[in-house]
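Have a look at the structure below before the remarks.
The values are calculated or read from the model by the stated rules, or taken from the named source; none is laboratory data. Here the structure is a predicted model, which means the values were calculated and not measured. Neighbour counts are summed over all protein chains in view; Cβ atoms, including those assigned to glycine, are modelled from backbone coordinates with ideal geometry. The area values use the complete protein model at the heavy-atom level, side chains included, leaving out ligands, DNA and RNA. Shrake-Rupley method; radii C 1.70, N 1.55, O 1.52, S 1.80 Å.
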Amino acid sequence: MDPGTAGAVSAAETYDSLVHHFRWIFEDWRASGDRQARVIEALLRRECSARPPRLLDCACGIGTQAIPLARLGLSVTGSDVSPGAVSEARRIAADAGVRIALYTADMRALDAVPESGFDAAIAMDNALPHLESDADLLAAASGIAAKLRPGGVVLASIRDYDELVRTRPVSFGPAFYNDGGFRRIVHYVLDWEDERRYTFHIHIVRQTLSGWESVHHAGHYRAVLREELEAIFAAAGFAATRWAMPDESGFYQPILIAKTALP
C-alpha cells in the first residue's frame, strides 16, 4: 500500500477508507497472512544470510504479512502511507501480543522510519504499482535501498501485468465466502483508463442479521511490466534482480527479488 497521484484517489485515501473492511476481502485474513508469511520467510531464508533477518515491511497495511512474520521470530519494522492502516496494525499487533515498531511513511520518503541497516525489506500485495511514474518508482526503490545494509534483499510482489496488459480483464470473481452461516460476496472490477492505468473497484456484499449490506472501495494503479521494474531497481543500485513466479514461490503474485551491492 503506497501513494497514488493527484487527480485520482491516493493510496492513503484508499486504505484509510478500506481499513475496517480489508479483512473481508479474504476468506480468512489471518490464515491467508500466515500462509503468505511462510512463503516470504522461506524466500528470505534462501536469499538472506542473516538469521533471523531484521526486516522492514514498507507497505505493511494492517499487518497482513508483518504480524505473522513477527510471530515466526523475525525482527520486523513496518511502515505504510495510510495512517489508518498503521493505527489498525498497531491494534491488531497489540491484541496478538506481537511486538512490532510501526510508522506512517511514504515509500518514496522513508525518513520517518528511524532505523536503517535492515537485512531485508518487503513491499507485497501490488503496492508499488500505486505509484504513477517511473520517477516515483525510482524514488521508492532508492528509498528502500537506503534502508538496507550492503547485500540486503528486497522482495516486492505485483500483479502479473505482462499478462494483464495483454488480456485487459474487466473483473475478477465473484468469490463467495461463509461467515458462520452468513454469506459474503467479494467482486473486483477493473476500469481501464488506457492500456496502462486503471481504477480497481472492490465490491463487498455481506449478509447480516438485519439483511444485506454492501461496501465499495476504489484504488488507482499503473500496470508496470516486469522488465520495467527490474530496470528501475537496477537504476536504484540493486546489483542483482530476478523474479520468483507463483509456481516457484507458492505466492499468489510474481515476486521481484533484488539485492543491494556489496562494498
Exercise. Take the Cα pairs of region 146-230, get the Kirkwood Rh, then feed it into Stokes-Einstein at 4 °C and 1.567 mPa s and tell me D in µm²/s.
Key: 83 µm²/s
Exercise. Round to the nearest 10 and report in Å² the accessible area of Ser133, as given by a 1.4 Å probe over the protein chains' heavy atoms.
Key: 40 Å²
Self-check item: With all protein chains modelled, accessible area of Glu27 [1.4 Å, Å²]
Solution: 130 Å²
Practice problem: Kindly give the semi-axes, whole Å and largest first, of the ellipsoid equivalent to region 81-130, taking each as the square root of 5 times a Cα gyration tensor eigenvalue. | Solution: 19, 15, 12
Quiz prompt | Identified option (computed Cα extents along the principal axes in Å; candidates (i) 67, 39, 31; (ii) 47, 44, 40; (iii) 62, 45, 35) | solution = (iii)
Quiz item: So what's the angle, to the nearest 10 degrees on a 0 to 90 scale, between helix 226-235 and the longest Cα principal axis of the chain?
Solution: 40 degrees
Practice problem: Amide H neighbours of Asp179 under 5 Å, at least 5 residues apart or on other chains, H built in the peptide plane: list them. | Solution: Arg184
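Largest first, how would Glu195, Glu47, Glu230 line up by accessible area (1.4 Å probe)?
Details: Glu195 130, Glu47 30, Glu230 50 Å².
I get Glu195, Glu230, Glu47, largest accessible area first.
Quick check: with the 1.4 Å probe, what order do Tyr252, Tyr177 take by accessible area, largest first? Working shown, then result.
On the way: Tyr252 130, Tyr177 40 Å².
So the residues, ranked largest to smallest area, are Tyr252, Tyr177.
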Quiz item: What is the helix-to-structure angle for 29-47, meaning the angle in degrees between its Cα long axis and the longest Cα principal axis of the chain, kept from 0 to 90 and rounded to the nearest 10?
Solution: 20 degrees
Self-check item: Calculated FRET efficiency for the pair Arg183/Ala101, C-beta based, R₀ 45 Å, to 0.05
Solution: 0.70
Exercise. Kindly list the residues of region 187-204 that lie in the label zone of Val170, defined by a backbone N under 12 Å from the point 7 Å along the Cα-to-C-beta vector.
Key: 189-192
Quiz item: Got a number for the accessible area of Asp194? Probe 1.4 Å, square angstrom, nearest 10.
Solution: 60 Å²
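Can you pull a Stokes-Einstein diffusion coefficient for region 50-136 at 4 °C (1.567 mPa s), Rh from Kirkwood over Cα pairs, as a whole number of µm²/s? Intermediate values should be presented prior to the final figure.
Details: Rh = 13.0 Å.
Reported coefficient: 100 µm²/s.
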Practice problem: Mind telling me which of Ala89, Ala235, Ala139 comes out most flexible in a GNM of the chain, alpha-carbon contacts under 10 Å? | Solution: Ala235
Self-check item: Percentage of interatomic Cα-Cα distances in region 116-263 larger than 28 Å
Solution: 32 percent
Quiz item: Taking the Cα-to-Cβ direction at Glu115 and at Phe26 and moving 7 Å from each Cα, how far apart do the two end points lie in nm?
Solution: 2.2 nm
Quiz prompt | Exposure ranking of Met107, Met245 by accessible area [1.4 Å probe, largest first] | solution = Met245, Met107
